[in-house]
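Here, each number is a calculation from the coordinates, and none is a lab measurement. If you're wondering where the values come from, they're calculated on a predicted model, not measured in any experiment.
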Amino acid sequence: MKINDFYTSLRRRYIFIAPCKRSVARGRVCPTQAVNSVGVTPPTGVRGGRGWLFTPRCASLARGYKYMSPIGEGNEQLFFKIIQKWGIYGRNNICKIKMIDFWENNFKEKQTMWGFEPAESAIIVKNFFIKEKVNEILIAGIGYGRNAKIFLENGIYVTGIEISETAIRLARTLNKLEIPIYHGSVAEMPFDSKLYDGIFSYALIHLLNYRERKKFISDCYSQLKSGGYMFFSTIAKKDSLYAKGKPVSKDRFEVMKGAKLFFYDTESIKKEFEKYGLVDFLEVEETIKFADNIPPMSFTLIKCKKV
């Protein structure tokens, strides 16, 4: 991941704090001599002189740390040099970088790993959008565009978000998509100020932890026009993968290295979507269309409407 991209994604969420003796003892800070060794000085206005830490704004305030200085143009080089030299990352952002690596490596190795036929969920949503005369949609996690084509072929304008550079390149070269695609994680939404008639996300939300899912749902809802619909296709608790692999949290398992899946059921759907205009949800058997010997997967298609 490019350092400038990493910086851009974190600058509004991270702050400098002055370490107390306890935080130094617990190894939470980069001591002054470490900062000095990369040839930089602490940002203007930060007192203490013993060391500096980049920490999530909400966590630092909740723990009573003193707010010192937001990351901005004046101290970005300090930020670059420290993270390059010492790797001071927040835990959640380490997870984001791992997720980027996971999908980038997968698309590089497996290329068009799901074939070119659209998912069953995408076909259902396409038919609904046509019926509702939807003109423009956002697809979060557009991949290499296999699900985008059926919307485009039916006169629906599409904008995408995709975390993998390789997937975007495949969308441009193999699927010939000449549409706006924002390169980044859905955790960084919104990428524009546009409101959409509809939003569709396939097999993405179950890859996120609770806090990320909550933000993702909220961000999608915020980018819907009044009366617009958003659909989330996600793996269901009844799927055979449930409880396989290492348990991470309730109904969430690391089914393969780098892939932690949350399995939805009726209770969790209502809990997470009810205040975002939940209309209904239905079971969808997602067949693996490019392989005959793989059984279908049990998915749930969740529909919400903005009122």
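Between the alpha-carbon centres of the range 140-185 and the range 242-306 there is a gap of 22 Å. Residues whose amide H falls under 5 Å from that of Leu278, counting only those 5 or more places apart or on a different chain, are Lys305, with hydrogens built in the peptide plane.
When the C-alpha to C-alpha distance is required to be over 22 Å, the pairs from Lys176/Lys303; Lys126/Lys250; Lys149/Lys275; Lys237/Lys257 that qualify are Lys176/Lys303; Lys126/Lys250; Lys149/Lys275.
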